[in-house]
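The values are calculated or read from the model by the stated rules, or taken from the named source; none is laboratory data. The structure displayed is predicted, hence computed values, not measured ones. When we count neighbours, we look across all protein chains shown, and the Cβ atoms used for this are built from the backbone with ideal geometry, even at glycine. Ligands, DNA and RNA are stripped out before the accessible areas are found, and what is left, the full protein with its side chains, is counted by its heavy atoms. Shrake-Rupley method; radii C 1.70, N 1.55, O 1.52, S 1.80 Å.
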Amino acid sequence: MTNDNIQTNAFVAKNDIRAQFSQAMSAMYKEEVPAYGALMDLVADVNAVSLEQDKDLHEQLTHTDGLARITEERHGAIRVGTEKELFTLRRLFAVMGMEPVSYYDLSVAGIPVHSTAFRPVDEADLNQNPFRIFTSLLRLELIEDEDLRAAAQEVLDNREIFTTAALNLIDRAEAQGGLNAEDAAQFVTEALETFRWHSKANIDRELYNRLHDEHRLIADIVSFHGPHINHLTPRTLDIDAVQVGMPKRGIDPKAVIEGPPQRKCPILLRQTSFKALEEKVFFKQADGSWEEGSHTARFGEIEQRGIALTPKGRALYDELLDKTRAAVRAGEGAYEDLLVESFAAFPDSYEELRAEGLAFFRYSLSEKGAEIAKSVGISGTVDGLLEAGILRMDPIVYEDFLPVSAAGIFQSNLGDGGAEVVYSNPSQAAFEKALGAKVLDELALYAELEQASLTDCYERLSAKSLKSEAPVAA
Ligand code: OOG
Ligand code: NI
């Protein structure tokens, strides 16, 4: 064994650091926002019922190793103020095996941020712990009022959202290629500090009000010591049941579920949330005293994840959603009926989704296929082998987010009032410059996963001629 190996073995796996961090975040948020704990309980109950009643789903999740991860599964969201903060966050998340995937422009929805999601990328890592953080960067350049922009910039430039120990441990993890158990535990503790809620604002009430009048989100990002986690979202297997169950447990959900309608074969992502809490905060007055006020930012959200769509499937999703939203605004009476009606045009069986090249699948050998492959080499097309029951296919879970849904979630929690400004223009290049890296292309990741699963089947069947007839998206 080389010296290198000895060192590497002493490092805690990134997956374990991520799992510890996700646990720690959940425990902290439960303390900070008790309704989150109530929601977790509801989701656990609903998921147990779904798995009991839907044997196919149970079998599918067991087969794809997706079952174990579900109770521990959650995503969070944060918003940062400066390029430097985003840059360091990328390094911090990398210590836990989380990489920036996809670019989301929220400015088109009147929200002056652009975003990415930090998450694990490889299938095995996702199955161990798929913790994700939706991360938004404020775009101060979209504020027209120059004085206000300068005041906000100054406040942001003067804060340090990371502890010194966290910064040192990030440096160490990069230099060594990992962290030992003691460092990893300290890293989790120190990293958590960045996302903690602080009721004492960094600024006085007057500046808070000016920021708030420009956009509530700007006040949320600039006024506090750091990017407090604003929600943590468990994954449910039946979001309609959770939506109905929330009021019974004293939680008030937003009016509509974002995303596609209820279907037999869930696609992409459906999300709903409960309204942000009104929280007591304290503004720092010029004479050093603290003045009491209130701020709403933190809320709860639930999501149900379905199959990842190919570019063709995604285009159809966007088209049908746009059509619905052009006719009626989300939240108005007819919205849900119209959504269901529009989505009648989206095939709702896995066979059709595959045949039409609308969704990504993970292929594996069926029990029969594995048995036969022991003795004879088999070749054939994917269609033929599926039909012969030699291959099986399972949906690849959508691991990302949806900009229209995200905008709906942001908006439902910004409350009423505040300006409805439409900012413009995505700027992925500027975002990536701040990040210090390119975001990964989520569609390429799904396509690679599908292809890798097929290649594995080729090899096991020794059927080198195996080719997908269904349009496997590039
Ligand atoms: C992020 C909103 C987006 C989601 O699930 O789409 C999001 C935020 O409010 O900061 O978390
Ligand atoms: Ni969310």
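Output the number of the condition that Lys284 fails; it satisfies all remaining conditions of (1) within 21 Å of Phe360 (Cβ to Cβ); (2) out of contact with any helix residue (DSSP H, G or I) (no Cβ under 7 Å at 6 or more places or on another chain); (3) of a type in the set (Lys, Arg).
Only one criterion is unmet by Lys284, namely (1).
Could you pull out every one of the strands (runs of 3 or more DSSP E) wholly within region 230-338 that has 2 or more residues that are among the aromatic types (Phe, Trp, Tyr) and away from ligand 1 (no atom under 16 Å from the Cβ)?
Working: elements: 231-234, 269-274, 278-284, 290-296, 300-305.
Those strands (runs of 3 or more DSSP E) span 278-284.
Can you tell me how many residues within region 85-135 are among the acidic types (Asp, Glu), within 16 Å of ligand 1 (Cβ to nearest atom) and under 18 Å from Leu443 (Cα atoms)? Talk me through it step by step, then tell me what you get.
Our first condition is that a residue be among the acidic types (Asp, Glu); within region 85-135, this holds for 85, 99, 105, 122-123, 125.
Now restrict to residues that are within 16 Å of ligand 1 (Cβ to nearest atom): 85, 105.
If we keep only those that are under 18 Å from Leu443 (Cα atoms) as well, we get 105.
So the answer is 1.
So which residues in region 294-316 are closer than 16 Å to Pro403 by Cβ and open to solvent by 10 Å² or more (accessible area, probe 1.4 Å)?
Correct list: Pro311, Arg314, Ala315.
Quick one: in region 142-163, which of the residues that are in a helix (DSSP H, G or I) and within 17 Å of Phe87 (Cβ to Cβ) is most open to solvent (accessible area, probe 1.4 Å)?
Kept after step one, since they are in a helix (DSSP H, G or I), are these residues of region 142-163: 142, 146-157.
Remaining after also requiring within 17 Å of Phe87 (Cβ to Cβ): 153, 156-157.
Details: Gln153: 70, Leu156: 3, Asp157: 98 Å².
Filtering first and then ranking leaves Asp157.
Among the helices (runs of 4 or more DSSP H) confined wholly to region 383-464, which include 2 or more residues that are within 16 Å of ligand 2 (Cβ to nearest atom), touching a Lys or Arg at 6+ places or on another chain (Cβ under 8 Å) and at pLDDT below 95?
Numbers: elements: 403-414, 428-435, 442-461.
Qualifying helices (runs of 4 or more DSSP H): 403-414.
For (1) surrounded by 19 or more Cβ atoms within 10 Å (Cβ to Cβ); (2) within 16 Å of ligand 2 (Cβ to nearest atom); (3) at pLDDT 95 or above, each residue gets a yes or a no:
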{"position": "Arg74", "(1), (2), (3)": "yes, yes, no"}
{"position": "Arg79", "(1), (2), (3)": "yes, yes, yes"}
{"position": "Thr88", "(1), (2), (3)": "yes, no, yes"}
{"position": "Met96", "(1), (2), (3)": "yes, no, yes"}
{"position": "Val101", "(1), (2), (3)": "yes, yes, yes"}
{"position": "Val108", "(1), (2), (3)": "no, no, no"}
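Determine which single condition Gln128 fails, assuming it passes every other condition in (1) crowded, with 18+ Cβ neighbours inside 10 Å; (2) under 17 Å from Glu85 (Cα atoms).
Unmet for Gln128, out of (1) crowded, with 18+ Cβ neighbours inside 10 Å; (2) under 17 Å from Glu85 (Cα atoms): (2).
For region 44-54, indicate whether the set of residues that are not charged (D, E, K, R) and not in a helix (DSSP H, G or I) is non-empty. Before you say what the answer is, go through the steps one by one.
Taking region 44-54 first, the residues not charged (D, E, K, R) are 44, 46-51, 53.
Pick out the ones that are also not in a helix (DSSP H, G or I) and you get none.
Within region 44-54 (the criterion being not charged (D, E, K, R) and not in a helix (DSSP H, G or I)), the answer is no, since none of the residues qualifies.
Just one of (1) under 27 Å from Met28 (Cα atoms); (2) away from ligand 1 (no atom under 13 Å from the Cβ); (3) at pLDDT below 90 trips up Tyr208, so point out which.
Single failed check for Tyr208: (3).
Only one residue in Thr189, Thr236 is farther than 18 Å from Gly81 by Cα, of a type in the set (Ser, Thr, Tyr) and open to solvent by 40 Å² or more (accessible area, probe 1.4 Å), so which one is that?
Values: Thr236 fails: open to solvent by 40 Å² or more (accessible area, probe 1.4 Å).
It is Thr189.
Could you tell me how many of the residues in region 197-229 are among the hydrophobic types (A, V, I, L, M, F, W, C) and part of a helix (DSSP H, G or I)? Break it down stepwise before answering.
So in region 197-229, the residues among the hydrophobic types (A, V, I, L, M, F, W, C) come out as 197, 201, 203, 207, 211, 217-219, 221-222, 224, 229.
If we keep only those that are part of a helix (DSSP H, G or I) too, we end up with 207, 211, 217-219, 221-222.
Qualifying residue count for the region: 7.
State all residues of region 339-385 that are without any contact (Cβ under 8 Å) to a residue 60 or more places away in the chain and loosely packed, with under 14 Cβ neighbours inside 10 Å; if no residue qualifies, say none.
Ala344, Ala345, Glu351, Glu352, Glu367, Lys368, Glu371, Lys374, Ser375, Val376
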